[in-house]
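Colleague: Structure in structure tokens, see below.
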Ligand code: RIB
Ligand code: CA
């Protein structure tokens, strides 16, 4: 849901915020020899679909489960979409557990304007032989964290309601979370309001719980995901990569481009969620910087804003410690190649 910028802001250049210097990442990264165990918490969702496809295609990641949350569409659509996606990607063995239908408090917010009523545009995938997991999202996440021999990474790429519930219900498991690679927020402007990015705006109270939790976080906000865009040519690369998964991805991307085209003449779409997942599999794709991130939970015009403070003298003055690494740069061409290569490896 990116919007055109003005002047040199149009191409991912830093808008009017303090650009903290890059730091060495602390997020874990998987290797094909030692895949990183990963839970994806998602509201599929056009870009979620590409993130999930990327995750199951990358030998560096071991997807333990997909949990769903209401966001882009109603949670029942998101759950069905997750089941059908994993079936299309040859991974109907991965459990899909349903989570929260709406936010902890406040109004339900949807992004059907960009993703369509079902969350998948006009795409209808064959049903999966698998059905939704008997445990709910939070119970499944908790059990996987408890049973895993090593800490598990989680990629929340929708509203953070399930993660907030996990943190509140299972504080004893927080040290079993290897890292949270979150798609959400923005150092600069939002996309749903001038202040707030969708995933945060959809449940600011949940996001506030997550950012205060002390769990290690990488926040892939709009500042970096707006650099990770696909256009028509990229969609054609996906369609031509020789797999059904590639054709599905191309169809979903085309729908998103059509929507942004209608909204403001856009010709490309940001694959926001795949940036969070790629960061856990590719060590040097995304540059990050250290910020203190707080979430505005007021009911005013700044509701859902991620207030990112990275200027050291102000952090000292106000006693703020960094609680997140925030994505600031990505190589768009390399990102596109990684996606196309991944979808060429799927069925
Ligand atoms: O603002 C982008 C985020 O909102 C992405 O996760 C997209 O899927 C939508 O949920
Ligand atoms: Ca999403």
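The values are calculated or read from the model by the stated rules, or taken from the named source; none is laboratory data. Quantities reported herein were computed from a predicted structural model and do not represent experimental measurements. Glycine gets a Cβ as well: all are built from the backbone with ideal geometry, and neighbour counts include every protein chain shown.
Okay, residues lined up against (1) buried (at least 22 other Cβ atoms within 10 Å of the Cβ); (2) farther than 19 Å from residue 278 by Cα:
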site: 35; (1), (2): no, no
site: 39; (1), (2): yes, no
site: 52; (1), (2): yes, no
site: 71; (1), (2): yes, yes
site: 78; (1), (2): yes, yes
site: 96; (1), (2): yes, yes
site: 99; (1), (2): yes, yes
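Colleague: Condition test on residue 215, is it in contact with a strand residue (DSSP E or B) (Cβ under 6 Å, 6 or more places away or on another chain) and more than 16 Å from ligand 1 (Cβ to nearest atom)?
Modeller: When the stated conditions are applied, residue 215 passes them.
Colleague: Which ones in segment 302-328 are in a strand (DSSP E or B) and buried (at least 17 other Cβ atoms within 10 Å of the Cβ)?
Modeller: Within segment 302-328, 306, 308, 309, 324, 325, 326, 327, 328 qualify.
Colleague: Test of understanding: among 90, 53, 113, 33, which residue is modelled with pLDDT under 95 and either on the phi > 0 side of the Ramachandran plot or away from ligand 2 (no atom under 12 Å from the Cβ) (or both)?
Modeller: Exactly one residue qualifies, and that residue is 113.
Colleague: I need the full set of residues from segment 117-127 which are touching a residue at least 60 places away in the same chain (Cβ under 8 Å) and more than 25 Å from residue 204 (Cβ to Cβ), in order please.
Modeller: Listed by number, the residues that qualify are 120, 121, 122, 123, 125.
Colleague: If you check 242, 184, which single one turns out to be farther than 15 Å from residue 269 by Cβ, in contact with a strand residue (DSSP E or B) (Cβ under 9 Å, 6 or more places away or on another chain) and either more than 16 Å from ligand 2 (Cβ to nearest atom) or modelled with pLDDT of 95 or more (or both)?
Modeller: 184
Conditions (1) over 16 Å from residue 78 (Cα atoms); (2) in contact with a strand residue (DSSP E or B) (Cβ under 7 Å, 6 or more places away or on another chain), marked per residue:
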{"residue": "129", "(1), (2)": "yes, no"}
{"residue": "136", "(1), (2)": "no, yes"}
{"residue": "166", "(1), (2)": "yes, no"}
{"residue": "178", "(1), (2)": "yes, yes"}
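Colleague: Residues 260, 215: which one is part of a helix (DSSP H, G or I) and either within 27 Å of residue 103 (Cβ to Cβ) or within 16 Å of ligand 2 (Cβ to nearest atom) (or both)?
Modeller: Just one listed residue meets the conditions, 260.
Colleague: Can you name the residue in segment 155-184 that is within 9 Å of ligand 1 (Cβ to nearest atom) and part of a loop (DSSP other than H, G, I, E, B) and, of all such residues, is farthest from residue 224 (Cα to Cα)?
Modeller: 159
Colleague: Considering (1) surrounded by 19 or more Cβ atoms within 10 Å (Cβ to Cβ); (2) over 19 Å from residue 156 (Cβ atoms), say which one residue 293 fails and leave the rest.
Modeller: (2) is the only condition that residue 293 fails.
Colleague: Would you mind finding the one in 206, 194 that is under 13 Å from residue 297 (Cβ atoms) and not in a strand (DSSP E or B)?
Modeller: 206
Colleague: Please state which of the following conditions residue 144 fails to meet, knowing it meets all the rest: (1) assigned to a helix (DSSP H, G or I); (2) in contact with a strand residue (DSSP E or B) (Cβ under 9 Å, 6 or more places away or on another chain); (3) farther than 22 Å from residue 35 by Cβ; (4) at pLDDT 95 or above.
Modeller: Going through (1) assigned to a helix (DSSP H, G or I); (2) in contact with a strand residue (DSSP E or B) (Cβ under 9 Å, 6 or more places away or on another chain); (3) farther than 22 Å from residue 35 by Cβ; (4) at pLDDT 95 or above one by one, residue 144 breaks only (3).
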